1. If a residue must be in a helix (DSSP H, G or I) and crowded, with 18+ Cβ neighbours inside 10 Å, how many such residues does segment 63-73 contain?
2. Looking for whichever is over 14 Å from L165 (Cα atoms) and of a type in the set (S, T, Y) here; the options are S96, S102. Which one fits?
3. Write out, first by first residue and then by second, each pair whose Cβ atoms fall under 6 Å of each other, whose residues are 6+ apart or on separate chains, and whose first residue, in segment 63-87, is at positive phi while the second is among the charged types (D, E, K, R) and part of a loop (DSSP other than H, G, I, E, B).
4. Here are some conditions: (1) closer than 16 Å to T104 by Cβ; (2) in contact with a Leu (Cβ under 7 Å, 6 or more places away or on another chain); (3) of a type outside the set (D, E); (4) part of a strand (DSSP E or B). G150 meets all but one. Which one does it not meet?
5. Suppose we filter A76, A141, A119 for residues that are crowded, with 16+ Cβ neighbours inside 10 Å, away from the ligand (no atom under 13 Å from the Cβ) and under 12 Å from the mean Cα position of the chain (by Cα); which single one remains?
6. Just the residues that are more than 12 Å from the ligand (Cβ to nearest atom) and surrounded by fewer than 18 Cβ atoms within 10 Å (Cβ to Cβ), please, taken from segment 79-92.
7. Counting only residues that are part of a loop (DSSP other than H, G, I, E, B) and surrounded by fewer than 20 Cβ atoms within 10 Å (Cβ to Cβ), which one in segment 122-138 is nearest to the ligand (Cβ to nearest atom)?
8. Within segment 110-121, take every residue that is in a strand (DSSP E or B) and free of Cβ contacts under 8 Å to residues at least 40 places away in the same chain and give me the one that is farthest from K41 (Cα to Cα).
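The values are calculated or read from the model by the stated rules, or taken from the named source; none is laboratory data. What you see is a predicted model, and the numbers here were worked out from it, not measured in a lab. Cβ: placed from backbone, ideal geometry, glycine included. Neighbour counts: every protein chain shown.
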Amino acid sequence: MKRLFVLLSLAGVLACSAKIEASLADEKDAAENKEGMERPKKVVKTNAEWAKILPRESFLVTRMKATEPPGTGRYASYHGKGIFACICCGTELFDSRAKFESGTGWPSFNRPIDPRRIATEQDFSDPNEVRTEVMCAVCDAHLGHVFNDGPAPTGLRFCLNSASLKLIKPPAEIKAKTAPKAKVGAAKSKARTN
Ligand SMILES: [Zn+2]
């Protein structure tokens with residue numbers, strides 16, 4: 001009986017994981033039908049080559065599938081604007097507009113910029129749970145996992161490692177940080193014209 005329960009539980013999580021992959025495949029098909037969107041070319045390097053160009057933590061996460069401890073990553077509590085690119089190959093993967101506070105201690109998004117820029121695979125490394133691994137489709141970097149308990153409209157939660165990402169801030173955001181006085185001045189002058 002216990003064995004049957006284990007088998008049923010396993011079937012349940014496998015179905016769940018397969019459902020996530022099917023919904024991502026649908027999004028990829030939809031993106032495929034849009035004009036002017038090209039599938040990016042693969043970037044291939046050996047682990048020795050990646051080790052030379054990446055910070056050690058990023059190498060361990062992206063190429064060795066390590067997980068950074070929750071709450072330690074530089075983007076976990078970042079809620080400014082920007083584009084999150086793959087730290088390995090620079091492909092723009094996630095937009096800050098899709099980022100939300102999941103309370104997990106890892107940066108979380110409910111959708112990628114283009115579903116074709118990410119790849120997914122079933123991950124059996126945790127004996128308690130079959131998870132769906134998320135990778136960069138261009139260079140196969142391990143980014144994290146995707147779960148189906150995220151917010152609308154996708155219901156997905158891409159739970160990523162900060163070490164696998166590189167934030168590209170929009171020019172306005174960088175200006176606001178480096179020249180706060182200029183920003184205040186601009187706001188005042190705008191208020192005067194209204
Ligand atoms: Zn990449």
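1. Our first condition is that a residue be in a helix (DSSP H, G or I); within segment 63-73, this holds for 63-64.
Okay, now just the ones that are also crowded, with 18+ Cβ neighbours inside 10 Å, so 63.
Number of matching residues: 1.
2. Values: S96 fails: over 14 Å from L165 (Cα atoms).
Going through S96, S102 in turn, just one is over 14 Å from L165 (Cα atoms) and of a type in the set (S, T, Y): S102.
3. Final answer for the pair search is G82/K169.
4. Unmet condition: (4).
5. Numbers: A141 fails: away from the ligand (no atom under 13 Å from the Cβ); A119 fails: away from the ligand (no atom under 13 Å from the Cβ).
When all the criteria are applied, what remains is A76.
6. H79, G80, K81, I83
7. The qualifying residue nearest to the ligand (Cβ to nearest atom) is S125.
8. Out of the qualifying residues, it is E121.
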